[in-house]
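A quick write-up on the structure given underneath.
The values are calculated or read from the model by the stated rules, or taken from the named source; none is laboratory data. No experiment lies behind these values; they were computed from the predicted model shown. Glycine also receives a Cβ, built like all others from the backbone with ideal geometry; neighbour counts cover every protein chain displayed. The accessibility values were calculated without ligands, DNA or RNA, using every heavy atom of the protein model including side chains. Shrake-Rupley method; radii C 1.70, N 1.55, O 1.52, S 1.80 Å.
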Amino acid sequence: MKTFTKRLLAVATLAILAASPLQAKTFKWAFQGDVQSLDPHALNETFTMGFMGNVYEALSAYTDDLELVPALAESWSNPEPSKWIIKLRKGVKFQEGGDFNADDVIFSWKRCLSEGSDMKGRAGLIKEMKKIDDYTVEAITPSPNPILMQEMAWLYIMDKEWSIEHKTAETTNVKGGEEGNYANMHANGTGPFIITDRQPDVKTIFKRNENYWGNPKTNITEGIFTPVKQAATRVAALISGELDLIYPVPVQDWKRLEKASGVKPLSGPEARTIFLGMDSSRDELLYSNIKGKNPLKDVRVRKAFAHALNLEAIHKKVMRGASTPAGLLVAPQVNGFSEALNTPYSYDPELSKKLLAEAGYPDGFEITIDCPNNRYVNDEKICQAAAGMLAKIGVKVEVFAQPKSKYFAKVLAQNNYDTSFYLLGWTPGSMDSHNVLINLLSCQNKEKKMGTFNFGNYCNAEIDALTDKVGSETNPAKRQAMIDKAFKIAKDEVAYLPIHQQPLSWGVRDGVSVSQRADNVLDLRSVVLQ
Amino acid sequence: MVMLAVAFIAFSLFRYVGNPINNMVGQDTSIAEREEIRKQLGLDDPFFVQFGNFVIDAVHGEFGSSYRHRRPVSDLLAERLPATLELSFFSGMIALFIGIPMGIYTALNRKSVLSKIFMTLSLIGVSLPTFLIGILFILFFGVILQWLPTFGRGEVVQVGWWSTGLLTISGWKALIMPAVTLALFQMTLIMRLVRAEMLEVLQTDFIKFARARGLPTRSVHFRHALKNTLVPVITITGLQFGSIIAFAIITESVFQWPGMGLLFIQAIHEVDIPVMAAYLVMIALFFVVINLIVDILYFFVDPRLRVDRAAV
């Protein structure tokens, strides 16, 4: 009897819901932290950019499959190698009513060059911007740049009049001050969602923008975002039904989500590649018992390391089958990826021992690996697993795991790359291999801003030359051939030890459909609630 | 003086927490730009210059801007203070109003079954870490029974600059679990303290005389014995209230309670030095003020102190 009444009630509720045309659909989700600022130019970081992408838009955008499509631009052309003509979309309005036009584009580009901006690098890809008419702009790049529009997808457009009216014509500065403060706490973009309430670290409420120019598939009318720092609390809130989606979910909690009713884990490959890097340039390793020489300078030792790592075991045991073992520094979603080069080094500890003996270290040696413990999925565990595997060929690895703030302070350029062996993860912001060539595979060069994240300073003049050419080659086939060639050299010389692409790890309530983008961005445009 | 010392110790520790700049910029930001920001923020200055600047600004009530939020630290603390104070106040109340009666009961009825249950429970309360208790509560009341929300503060109402969760049902519901979690340790501590003091006082001569004079048991217990146990209880409770505020950090992070403790934890993760410094100095201030209040309270509870004072 009771169940019958319940059913009746359910049917009645459904009928009422179906009858009312204006269904309020509220979507509640949580991430482990909050955005630092609502200012779209203040921090160039994936979560912030993805979050703000619901409110602000750029000239181009990425689809759910990370394909580049026009957004606020209607189309673009590249008539001369260093000149771009961009046609803008007409009839687009900012959320507070302002019209979108060429002035806003040029204004936003200039704002990205202001002092507090973290987008200077991206804005610097354009040397000069000119207004041709209200809906056409011309951009001049310092050198030919085939992937300009890939980069522009992250340069959000603000309303010039609104910014000037609220004295936020310059980016919010970390130093504080009046300038820019308004955009730090308020947003006015052209995107499908409007921020109506913002309490940093507590709650952010989004309302659907009824005047949005596009036609996204989402049916949500309201979004409530709450950062929840503790993973256990986040998972509990999902299971108890207080939230519709959470990320990240710790890998060890997947089973719990599978068992619990009404929720499920959602996982897919992320475009982030996790790899180990080695100091192959210093004459003596900073953290090793071998004095007077650097064993990692010898390609045979690096090869020995490569063949000693059992990626399959890391995939199965550490990552519980959720990662994608890799042989390249770029993921399949990244432009320039090559399937042929992605085969991992074979697991062959006997070969490793032979190579070590040939190089003059038959009994191995000692080395310390630097490792973050709260940055990537199971980062510390990967280091420990790798240490165990290297122990089998006689290399004694001490794992030095620290929180990311301390880890990066130690290994980055500001501290003179104070490491001998380390774990790092990388997603190219532009989704293009050139970014990887510049940051990870070029020789360190402060003036040219090359090899900034090449902590071990693996250096090969041929790759440097190829990197330069890739940067300005506009023919896709020729460009791909050059990228392949550079990656092949890096692979033969064991510049790095790629481990895997880490898994995306989200948890959703049944009845929520969402596209899980490989760059770990949650785009509300793709969320459909049942 | 205490606060100056706290600030000094805090500052000497900050150099070991990591480099804040890397959390403030994206991966594509060049080294030169990172160094530029570092210089602008004065992080390259010698230790004593940094410390001196901090103290001078702090005296003027100026704590600088948070690196992470890009807003004045004083605004952030003011925003978060109500949440922490409401939570601390209620868990203090729970600890007192349940802890003291439990203590009296167990002292007077030492042999009863209920006393033994109380004592066993108090052992659990003292020995289980707050973090675990919080998670167990969430699992039981939040996930399995679904009676109470698992995180956050519920709906809050803004009264002037004070945001309160006490005017909404969801606010009260959200308060229960964190407040009890935070109160548990203090409650068992107060209970055991009251019990021990009470037992001691009951052995003293003046209680025996009171009994001999034929005063009613009730009056002996509550008028004479209890009053004399209160001095140490007040001291401890006062100090514990300070530590409730300070140690709300763990409870706040388990329940995602948007108070100062959570702000502090996040500041540590992101190496947000101005927030860390201001928070520590503020907690030091709390302790100083609470100690002062406790000292003043003595005069009201213990007449002997008043006599001494008068004699001097």
Which lysines, on any chain, are close to B:LYS208 with Cα under 23 Å apart, when same-chain ones fewer than 8 places away are left out?
B:LYS111, B:LYS227
Order these peptides, B:12-20, A:237-245, B:233-241, by their mean beta-carbon neighbour count within 10 angstrom, highest first.
A:237-245, B:233-241, B:12-20
Which whole-number percentage describes the relative contact order of chain A, with Cα contacts under 8 Å and a sequence gap of 6 or more?
19 percent
Taking θ = phi - 60°, what integer Hz values does the Karplus form 6.51 cos²θ - 1.76 cosθ + 1.60 yield along region B:163-168, in sequence order, with x for Gly and Pro?
9, 10, x, 8, 9, 10
For region B:264-290 and region B:84-123, what is the centre-to-centre distance using only Cα atoms, to the nearest Å?
31 Å
Output the peptides A:402-413, B:201-212 sorted from most to least packed, where packing is the average of other Cβ atoms within 10 Å over each peptide's residues.
A:402-413, B:201-212
How do the peptides A:313-325, A:113-125 rank, highest first, by the average count of neighbouring beta carbon atoms within 10 Å per residue?
A:113-125, A:313-325
Kindly tabulate the residues in region B:224-266 with an accessible-area decrease of at least 20 Å² between the chain alone and the assembly of all protein chains, using a probe of 1.4 Å.
B:SER253, B:VAL254, B:GLN256, B:PRO258, B:GLN266
Whole-Hz couplings from phi, Karplus 6.51/-1.76/1.60, listed for region B:48-55; x for Gly and Pro
6, 5, 4, 5, x, 4, 4, 5
Could you tell me which of B:GLN40, B:SER88, B:VAL25 has its Cα farthest along the dipole of region B:1-94 towards the positive end, charges placed at Cβ (Lys, Arg +1; Asp, Glu -1), taken about the Cα centre?
B:SER88
Straight-line reach from A:LYS90: which lysines fall under 21 Å, measuring Cα to Cα and dropping same-chain residues less than 8 apart?
A:LYS130, A:LYS131, A:LYS160
Calculate what fraction, in whole %, of the accessible area of the protein assembly as shown sits on carbon and sulfur atoms when a 1.4 Å probe is rolled over the protein chains.
60 percent
Pop out a list of residues from region A:405-420 that are at least 50 Å² less accessible with all the protein chains around than in their chain alone; 1.4 Å probe, no ligands or nucleic acids counted.
A:SER405, A:LYS406, A:GLN414
Tell me, what HN-Hα J-couplings in whole Hz come from the Karplus equation 6.51 cos²θ - 1.76 cosθ + 1.60 at θ = phi - 60° for each residue of region B:208-224, using x for Gly and Pro?
4, 5, 4, 4, 4, 6, x, 5, x, 4, 3, 5, 4, 5, 8, 7, 9
What aspartates and glutamates does A:LYS317 reach when the alpha-carbon gap must be under 16 Å and sequence neighbours fewer than 8 apart in one chain are set aside?
A:ASP253, A:ASP379, A:GLU380
Grab the eigenvalues of the alpha-carbon gyration tensor for region B:238-294, scale each by 5, take roots, and send me the semi-axes largest first in whole angstrom.
21, 14, 6
Radius, Kirkwood style, for chain B when every pair of distinct Cα atoms is counted (Å):
22.4 Å
In the protein assembly as shown, which cysteines lack any other cysteine Cβ under 4.7 Å from their own?
A:CYS112
Per residue, how much accessible surface does the protein assembly as shown expose to a 1.4 Å probe? Answer in Å², no decimals.
43 Å²
Report the FRET efficiency, 1/(1 + (r/R0)^6), for A:THR196 and A:GLU67, where r is their Cβ-Cβ distance and R0 is 30 Å, rounded to 0.05.
0.45
Accessible surface of B:MET276 - all protein chains present, 1.4 Å probe, nearest 10 Å²
10 Å²
Region A:443-500: relative contact order in percent, alpha carbon pairs under 8 Å with at least 6 residues between:
24 percent
Efficiency by 1/(1 + (r/R0)^6): what FRET value for A:LYS478 and A:LYS217, r their Cβ-Cβ distance, R0 = 25 Å, to the nearest 0.05?
0.10
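Give me a single rounded figure for A:366-376: the average over its residues of other chain Cβ atoms within 10 Å of their Cβ. Before the final figure, lay out each step's value.
Values: counts 0, 0, 0, 0, 0, 0, 0, 0, 1, 0, 0.
Averaged over the peptide's residues, the number is 0.
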Check each residue of region B:9-27 and keep those whose accessible area, probe 1.4 Å, is at least 10 Å² smaller with all protein chains in place than in the chain alone; give them in order of residue number.
B:TYR16, B:VAL17, B:GLY18, B:ASN19, B:ASN22, B:ASN23, B:MET24, B:VAL25, B:GLY26, B:GLN27
Please report the relative contact order for region B:73-311, taking Cα pairs under 8 Å with a sequence separation of at least 6, and give it as a percent rounded to a whole number.
27 percent
Summed buried accessible area for A+B [probe radius 1.4 Å, Å², rounded to 100]:
4400 Å²
Anisotropy class of chain A from Cα gyration tensor, a/c 1.5 cut:
oblate
Over the protein assembly as shown, the sum of -39500 (n - 2.57) across DSSP H runs of at least four, divided by residue number and rounded to 500 deg cm²/dmol, gives at 222 nm -13500 deg cm²/dmol
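Ordering A:LYS259, A:LYS130 by how much accessible area each has at a 1.4 Å probe, largest first, what is the list? Could you put the intermediate results ahead of the total?
Working: A:LYS259 175, A:LYS130 100 Å².
Putting A:LYS259, A:LYS130 in descending order of accessible area: A:LYS259, A:LYS130.
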